[in-house]
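Novice: Once you've had a glance at the structure underneath, I'll fire off some questions.
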Amino acid sequence: MDSKRIGEKFWSFISSIRDTGIDYQVLLIILILYKKDVFKKFINSNSQSFIDTVDKSIDDFSGLERDVLYEGVRFFENDLQKLTPGHIYDLNHILREYNEDFYIIFDELLFKLEEIMGKSSGGYIQPEELTHLMLNLANIKSGDKVYNPFAGLVSFGVKLEEDISYFAQEINEQTYYKGQLRLMAYNKLNEVEFSRQDSIEYWPEHFKFDSIISSPPIASRIRNKYPEVESRTIEEYFIKKSVDSLNPSGKAIALVSNGVLFRSGQENELREWLIEEDMIEAIISLPKNLLTNTSIQTNIIVLSKKKDKKGLVKFLDASSFFDETKGRTNKLNVGQVTSIYQSPNNSENSRFVSCSEIKANDYDLSVSRYFVENITKEFEGVELGEILYKANAEKVKSEDKVPYMKIGDLNDNEMGVYSDTNEIEKSVVKRGGFSVNETVLLLAIRFKNLKPTILDGSPADLIISNDIKAFTVDTNKVDLGYLVFELRKDYVQEQVVKYQSGTTMPYLSVNDLFKIKIKLPSKDQQRQDLLDAINDRAKNELNKYSKELSEMRTEMFRDFSSTRHSVKQYLNSIRGGVNGLQKFISKNDGQKISLTDVYSKNLGKTLAEHLERLIDDTAAASKLLDKLETPFLSRSKEEFNILDLTKHVIKKIHGSKEFEYKFNIDKESFSQGDDEELKPIIEINKDDYIKLIQNIVDNACHHGFSSDSNNIIRIEATSINDGKDVLLEISNNGKPFNAKFTEERLKIRGEKSVSSNSTGTGGADIDQITKMYDGVFTVSLDSDSEFPVTYKLQFPIKFEDLD
């Protein structure tokens, strides 16, 4: 039987044991026990206790295998006792049909468990494509000595050939144990040296290696536990120590976050040293969403003691080399990356950069900045540094409330040019800003949009945020209106993105801003281009508003039609119920009637149950009509950290079925470096947010969960769009929606995902509440996933809290 079919049967078996309350992780040990013929011994013994057979069999294994299984059986003893002989027979029947390599089904289960545990999971399983790519870059040869610190689930170790000397360390106890089981699945437990050790505390100082390879914890700070360690992050520590531990021709390969490539301070000093010593062979920028434990973009850095191309570093932008999957992660296209990496020529996605050019960029190794020419090579442009000059600005603070201009106050209107200072809110400016007393061009240096705005005359007490920079313009060379419109164009925004540094909230230095090129024809042509742009945008705005009005009319009609249809259904049910009640009363005319009397033998209903159904139908119809007549009204907003608010809300909200919340935060996506974290402050009415989450919980309980056991509602919070928005993904491990049910139907008032007694207003309410607070509501449906229904709520983060 092939892997896909065995997988389907295996996952079906897992679903069948959900109600037993078994910890799914015990299945990893179960697979190893099957591989070691313990199932066969149990079946042949006619025993009724599987765990007794396991206890007797463990002593037959070799020393290390015996120790690993003994530890696991003791830890999961209660779960193993819940497995009946029937469970073992069923699983044995499924697995004995499997003809392929056993490790494949083991890894599939491991991936499945990672999906269930989400981004809070400890040692995540590294995508196989990424493992293969990094091993290819290491070019490990027969007889090489390989060191793998921070080894996690030994993803590199299980893929190496037998004649490699491999030493790995992992500090997390649970991750280490899973790694041992994985080595057993690959028949490698006795072929490698895998220790439960802290790689920082027990780095093998006195050994030299041919290859050092690792995916160390992303953006993880080194805490006070190691006072003698000078490195800020584990990634920085790995790079420093690896260089010292390589033999004269060795290579080190690491997966690192973007911050390692651009942050200032001692990391900048490290990059300078690596470039001056010519130690960096390549930097590869990878796609986002490759890993199960974080959505942030990562990079591969290749260090070499014996480079083929001296004085050059290969930069490869592989950020678009991925295939989308049905799941939550993307799949790296290894073949595409490898092919371009091996090419000796420069291309659109790959180029050799001299160490002198890197030095001129202040040793910034961000891959994107070395591909700006892909955008500007098509035109003869002028750098902004030739037409812009830093304005005379005075640094100021204020303990009093004064007009305070933030990024959100810059002109967002595509037709607008000037700032409207009358709309700026007053606030206390303790962190400081600046003021100007001349006409200036204001540009945002955070996020992807420069938001060009002309400030011409302003209140004397106006303070401008430090996330904005002010410039005077050489109007002899450029028309102000033309410049503003040109700076909003895509080709300019693309350059901004290439030059930016930062992961959560990217920023642009003034020096890099001045390198951005714009098209600059003659002044007469500039004015003509400006008029043409204004006309085009006016037409586009008119078309956009016309389309939005048409969509609003369609949505209103659709909601009305659906509600009307649902109300008619309830009225027909009520009419039928009343007619039936009339016949029941006529039949029992003159007799004593009790609520406990049998109303319908066929349906097994009492009179009380029939009346309750009538009351429920009447209430549901009334609720639908109320929703149609009184939509949600805008209510008072407050500022909340959505992470704290969500933690508070889920403590209060319960459902009609028993379930467990799993709230996972993608901490790397909120990290701003230097121990700072983005605070996702949103504006919302607390009661509306509670109602929003309650609707999602109710949907899971009414339509998803079929029992009161092993039910999970998982909430995952991620910072997206360069820190502008926060995304909540709320999923459940219940039944999937009906195959014909779509996101569009979910948002229609009165539509139902399954047949039920609910009103079908939940999805419409979620959509309406989210829109009220400038959010976006979407649904992801994947019937093959352990979490088949995911509600995605996206809210904008308040700009003023980012200064």
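The values are calculated or read from the model by the stated rules, or taken from the named source; none is laboratory data. Please read all numbers here as calculations on a predicted model, not as lab measurements. We place every Cβ from the backbone using ideal geometry, glycine too, and count neighbours over all the protein chains shown. Just so you know, the surface numbers come from the protein's heavy atoms only, side chains and all, with ligands and any DNA or RNA stripped out. Shrake-Rupley method; radii C 1.70, N 1.55, O 1.52, S 1.80 Å.
Conditions tested, residue by residue: (1) among the polar types (S, T, N, Q); (2) without any contact (Cβ under 8 Å) to a residue 60 or more places away in the chain; (3) open to solvent by less than 20 Å² (accessible area, probe 1.4 Å).
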position: GLY157; (1), (2), (3): no, yes, yes
position: ALA168; (1), (2), (3): no, yes, yes
position: ASN172; (1), (2), (3): yes, yes, no
position: ARG182; (1), (2), (3): no, no, yes
position: VAL192; (1), (2), (3): no, yes, no
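Novice: Another one. When only residues in region 398-445 that are charged (D, E, K, R) and in a loop (DSSP other than H, G, I, E, B) count, which is nearest to ALA460 (Cα to Cα)?
Specialist: The extreme case among them is GLU438.
Novice: Confirm whether ALA391 is closer than 30 Å to ILE463 by Cα and among the aliphatic types (A, V, I, L, M).
Specialist: It is true that ALA391 is closer than 30 Å to ILE463 by Cα and among the aliphatic types (A, V, I, L, M).
Novice: Taking the condition of being in a loop (DSSP other than H, G, I, E, B), closer than 30 Å to SER427 by Cβ and open to solvent by 10 Å² or more (accessible area, probe 1.4 Å), how many residues in region 463-490 meet it?
Specialist: 3
Novice: Return the residue satisfying two criteria in turn: it lies in region 494-541 and is within 24 Å of the chain's Cα centre (by Cα) and of a type in the set (S, T, N, Q), and of such residues it is farthest from SER368 (Cα to Cα).
Specialist: THR504
Novice: Go through region 434-453 and count every residue that is under 35 Å from the mean Cα position of the chain (by Cα), on the phi < 0 side of the Ramachandran plot and at pLDDT 90 or above.
Specialist: Of the residues in region 434-453, 7 are under 35 Å from the mean Cα position of the chain (by Cα), on the phi < 0 side of the Ramachandran plot and at pLDDT 90 or above.
Novice: Against the definition (under 24 Å from SER347 (Cα atoms) and outside the structural domain of VAL256 (by the TED database)), how does LYS406 come out, yes or no?
Specialist: It is false that LYS406 is under 24 Å from SER347 (Cα atoms) and outside the structural domain of VAL256 (by the TED database).
Novice: Please verify whether ALA460 is of a type in the set (A, V, I, L, M), at pLDDT below 90 and farther than 25 Å from GLN525 by Cβ, treating the condition exactly as stated.
Specialist: yes
Residue-wise test of (1) assigned to a helix (DSSP H, G or I); (2) open to solvent by 70 Å² or more (accessible area, probe 1.4 Å).
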residue	(1), (2)
LYS498	yes, no
ASN511	yes, yes
ILE518	no, no
PRO521	no, no
GLN528	yes, yes
ILE534	yes, no
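Novice: Moving to a separate point now. Return the residues of region 429-474 that are of a type in the set (Lys, Arg) and touching a residue at least 40 places away in the same chain (Cβ under 8 Å); say none if nothing qualifies.
Specialist: The answer is ARG431, ARG446, LYS448, LYS451, LYS469.
Novice: State yes or no: is ASP198 closer than 25 Å to SER671 by Cβ and of a type outside the set (Gly, Ala, Ser)?
Specialist: Judged against the criteria, ASP198 is a match.
Novice: Which one of ASP362, ASP400 is within 20 Å of ASN258 (Cα to Cα) and surrounded by fewer than 17 Cβ atoms within 10 Å (Cβ to Cβ)?
Specialist: Only one candidate passes the filter, namely ASP362.
Novice: Filter region 614-635 down to the residues that are surrounded by 14 or more Cβ atoms within 10 Å (Cβ to Cβ) and modelled with pLDDT of 80 or more, then identify the one that is farthest from TYR773 (Cα to Cα).
Specialist: Of everything passing the filter in region 614-635, LEU614 is farthest from TYR773 (Cα to Cα).
Novice: Still on this model: Quickly run through region 649-695 and pick out the residues that are within 21 Å of GLN768 (Cβ to Cβ) and open to solvent by 10 Å² or more (accessible area, probe 1.4 Å).
Specialist: GLU683, ASN685, LYS686, ASP687, ILE690, LYS691, GLN694, ASN695
Novice: I need the full set of residues from region 155-182 which are under 20 Å from LYS241 (Cα atoms) and in a loop (DSSP other than H, G, I, E, B), in order please.
Specialist: PHE156, GLU170, ILE171, listed by residue number.
Condition check ((1) open to solvent by 30 Å² or more (accessible area, probe 1.4 Å); (2) of a type in the set (Gly, Ala, Ser); (3) without any contact (Cβ under 8 Å) to a residue 24 or more places away in the chain) across all residues:
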residue: TRP11; (1), (2), (3): yes, no, no
residue: SER15; (1), (2), (3): yes, yes, yes
residue: ASP23; (1), (2), (3): yes, no, no
residue: VAL26; (1), (2), (3): no, no, no
residue: ILE29; (1), (2), (3): no, no, no
residue: LEU69; (1), (2), (3): no, no, no
residue: PHE76; (1), (2), (3): no, no, no
residue: ASP79; (1), (2), (3): no, no, no
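Novice: Ok, one more. Of all residues in region 363-380, which are on the phi > 0 side of the Ramachandran plot and of a type in the set (D, E, K, R)?
Specialist: None; the set is empty.
Novice: All but one of (1) modelled with pLDDT of 85 or more; (2) of a type outside the set (S, T, N, Q); (3) in contact with a helix residue (DSSP H, G or I) (Cβ under 8 Å, 6 or more places away or on another chain) hold for LEU64; which doesn't?
Specialist: For LEU64, the exception is condition (3).
Novice: Where the second residue is open to solvent by 40 Å² or more (accessible area, probe 1.4 Å) and modelled with pLDDT under 90 and the first is of a type in the set (S, T, N, Q) and lies in region 488-511, which pairs have Cβ atoms under 6 Å and are six or more apart or on separate chains?
Specialist: Close Cβ pairs (under 6 Å, with a partner that is open to solvent by 40 Å² or more (accessible area, probe 1.4 Å) and modelled with pLDDT under 90) amount to GLN493/LYS448; THR504/GLN672.
Novice: Mind counting the residues in region 325-375 that are among the polar types (S, T, N, Q) and more than 30 Å from the chain's Cα centre (by Cα)?
Specialist: Residues meeting the conditions: 8.
Novice: Look at ALA219 and say whether it is under 25 Å from the mean Cα position of the chain (by Cα), of a type in the set (Gly, Ala, Ser) and closer than 27 Å to MET279 by Cβ.
Specialist: yes
Novice: A follow-up question, please. Does at least one position in region 37-60 carry a residue that is of a type in the set (S, T, N, Q), in contact with a Leu (Cβ under 8 Å, 6 or more places away or on another chain) and open to solvent by 20 Å² or more (accessible area, probe 1.4 Å)?
Specialist: There is no residue in region 37-60 that is of a type in the set (S, T, N, Q), in contact with a Leu (Cβ under 8 Å, 6 or more places away or on another chain) and open to solvent by 20 Å² or more (accessible area, probe 1.4 Å).
Novice: Would you please name the residue that is most open to solvent (accessible area, probe 1.4 Å), looking only at residues in region 371-397 that are of a type outside the set (Ser, Thr, Tyr) and assigned to a helix (DSSP H, G or I)?
Specialist: GLU373
Novice: Kindly indicate which of ASP512, ASP467 is of a type in the set (Asp, Glu), under 14 Å from LEU410 (Cβ atoms) and out of contact with any Gly (no Cβ under 6 Å at 6 or more places or on another chain).
Specialist: ASP467
Novice: Just to be sure I understand the filter: pairs with C-beta atoms under 7 Å, separated by 6 or more residues or on different chains, first member in region 335-347 and over 14 Å from ASP308 (Cα atoms) and without any contact (Cβ under 8 Å) to a residue 60 or more places away in the chain, second member open to solvent by less than 40 Å² (accessible area, probe 1.4 Å) and assigned to a helix (DSSP H, G or I). Which pairs pass?
Specialist: Correct list of pairs: SER347/ILE340.
Novice: A further question follows. Do we have any residue at all in region 112-128 that's within 30 Å of ILE253 (Cβ to Cβ), modelled with pLDDT of 85 or more and β-branched (Val, Ile, Thr)?
Specialist: No, there is no match, as no residue in region 112-128 is within 30 Å of ILE253 (Cβ to Cβ), modelled with pLDDT of 85 or more and β-branched (Val, Ile, Thr).
Novice: Continuing with the same structure: If you take just the helices (runs of 4 or more DSSP H) that sit entirely in region 36-102, which of them hold at least 3 residues that are on the phi < 0 side of the Ramachandran plot and over 40 Å from the mean Cα position of the chain (by Cα)?
Specialist: 38-45, 50-58
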